[in-house]
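Contents: one structure, followed by commentary.
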Amino acid sequence: MNNQDPIYTRAKTAVESILNALDVARVVYVDDWNTTTPTLEDTIAAALTIDTTAIQILFPELGELPLDDLDILRQKIRDIWPTLDSDLQSERSKTITATALKLDGNEIDDIANITVLKQIIPRDKLFSLSPSDWDEQQTKWLAESQAYCTLFIFDRDLSRDGGDSESGIKIIASLLAKKDNENIICGLLTHTITPETMFEQWKNLSEEHSISKDRFIVIPKLYLSQSPVLFAQTLKFTALSLDFTNLKHKTNEIIRTAAKVAADRIEKVDIYDLDHIVFQVSANEGLWEPDMLFRLHTMFHRLESRRLAYDTGALETIAAKMRALSRIPTKHDLLPIPSSAWALQREELYESNDHINKNHLPLELGDIFEKHGGESNKKFILLAQPCDLMVRSNGRRQPELQRVPLAEIVIADKNEPPCYSEEMPYFDLSPTNNWFVKFKYIHFVRDSLLDLCVFNHDGVAKLTVGQNAPSGIRPAWKARHEMLLRGWNKIICKYNMFAPAPDDSPVLKQFKQTGALKNTIDGLLFGDDLFKGSLVETDEGRSIIFNCKRVGRLSHARAIGLLMSYTATLGRPAYEPGFGEISDCTS
């Protein structure tokens, strides 16, 4: 890498901006390779392996060189070398050697890494020391850090100069344990950590050595010469962490204060309003009463949080500083989007089947179902209007539904999505697959079938004859359970007509007991266009079981958006095709 390289330029610009934002006046870099300067012969040997054009950039004092004449190159270096001072000799030899090492495919090039740091850190701020130099001068540097904010960078393994394989992190821990260390930031340079494991190892080192993550950075040395922007990004993380901790602290203060205000306002709701809002409205709409209290608390909390956040101005002051830092470009290809970011976004968009099924939450727009117990595990989403799905206090819907639409959810290429579809973002556990709801693949399923999922902890559509509704279920759904039981009992009575009877002839009895007949009857009485069911004997008694299972729920706002897209698809204009048009929308 050289100072003409775009990657070098980006890294150098970013590092300088971040150091300025942190008010870092000095960078002290301690590495046991800082004692090693290649000899003149090492430098010549390395130069002979590098392209002539690159050598002219790395060693500008050579001037113009004839192409591919190694003898002239060798002699020119010998002639010019004595005219350079010792510092320049050291810099040129290390830069040339580092470039040659990088070209030979060696992954662990300490001299190359030292050269990279010296190129991307402003020269007037960088001080390179050997471990022995550090032992002699550390008192001076620590004393001066009281006046000048200092970034101390230590190689993890200092065994080439009297230390051991963990000397770097031990020194960092001792520095940050001292008093009056507010002006100190530390960095650990190491071969043993890769960009993929950096965050995990950073956390582990922080816990193992009792060091705050806000006070030191971990730099994967293995990739420094390949992607120097990685150093800038890890430095930026530290810069952001200092303020992010403060931002979280102040935000939590606002949340706690707003929660107390919201609780106080709940306490002040009088009995008349409480009865009307929490119980009368809930009873009429078939809602769970505590949900109304939570709704009130959420409203009070949101209003007070927003007032506090904007009135003080403290959050915007911190956010403005972090915003400026965050926008310093440090993007590179070595670090993917953190897996926690994907998981958190998924958690916001989807409720888990554990929560909705174990708590017997009512059927809602956005409920996700899958075929269960067979080879197929196709997934579907409920796209019925929320008010139509609401079960009232008498256990009925108004109006009572017969069938509700389920749209199929499929995996497809994001660049070629299915026609008349909408993406289900973050639906997968990872970004590998892209999922879409297909509005032209609609199945109309009995709502009484899907309702059965509500009564079972595992979300399976199952109803056991003679069994009561689960304890703690909402009153409206308790009434719904009784109504569904009566309806399904009628079907079971029809089924019983085909069961063997004592007065049946042997031939008729054998015919009724055949599997083919049972499958035919199951299909006629319990079959649906999408899900199939049967009457089975279980330990709990006779049960109707369908291959349908509720496996999650899309957030209300997103589900409303899907419903609007679905109705827009239904309401699209149907013009006569143009004579010269060919439609390619077949899926």
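Worth a mention:
- Enumeration of residues in the range 353-387 that are more than 24 Å from PRO470 (Cβ to Cβ) and assigned to a helix (DSSP H, G or I): CYS387
- Selected residue [at pLDDT 85 or above and under 40 Å from the mean Cα position of the chain (by Cα)] from LEU126, LEU84, LEU117, LEU101: LEU126
- For the range 207-255, a residue qualifies if it is in a loop (DSSP other than H, G, I, E, B) and either touching a strand residue (DSSP E or B) at 6+ places or on another chain (Cβ under 9 Å) or not hydroxyl-bearing (Ser, Thr, Tyr) (or both), and the qualifying residues are HIS209, ILE211, LEU224, GLN226, PRO228.
- Every listed requirement among (1) of a type outside the set (Ser, Thr, Tyr); (2) in contact (Cβ under 8 Å) with a residue 12 or more places away in the chain; (3) farther than 18 Å from TYR29 by Cα is met by GLU200 save one, (2).
- Of all residues assigned to the range 471-490, at least one qualifies as being surrounded by fewer than 18 Cβ atoms within 10 Å (Cβ to Cβ) and either farther than 27 Å from ASN359 by Cα or at pLDDT below 70 (or both).
- Of all the residues in the range 45-81, those that are within 48 Å of the chain's Cα centre (by Cα) and either hydroxyl-bearing (Ser, Thr, Tyr) or on the phi > 0 side of the Ramachandran plot (or both) number 3.
- Any chance SER227 is closer than 26 Å to LEU142 by Cβ and either hydroxyl-bearing (Ser, Thr, Tyr) or surrounded by fewer than 17 Cβ atoms within 10 Å (Cβ to Cβ) (or both): no
- Counting only residues that are crowded, with 19+ Cβ neighbours inside 10 Å and of a type outside the set (Ser, Thr, Tyr), the range 412-434 holds 4 of them.
- Test: GLU408 is modelled with pLDDT of 95 or more and not hydrophobic (A, V, I, L, M, F, W, C): yes
- Condition check for ALA324 on (1) buried (at least 16 other Cβ atoms within 10 Å of the Cβ); (2) in contact with a helix residue (DSSP H, G or I) (Cβ under 9 Å, 6 or more places away or on another chain): one failure, at (1).
- Here the helices (runs of 4 or more DSSP H) wholly within the range 1-88 that include at least 2 residues being over 30 Å from VAL229 (Cβ atoms) are 40-47, 70-80.
The values are calculated or read from the model by the stated rules, or taken from the named source; none is laboratory data. Given the structure is predicted, the values throughout are model-derived calculations rather than measurements. Using ideal geometry, Cβ is built from the backbone for each residue, glycine included, and neighbour counts are taken over all protein chains shown.
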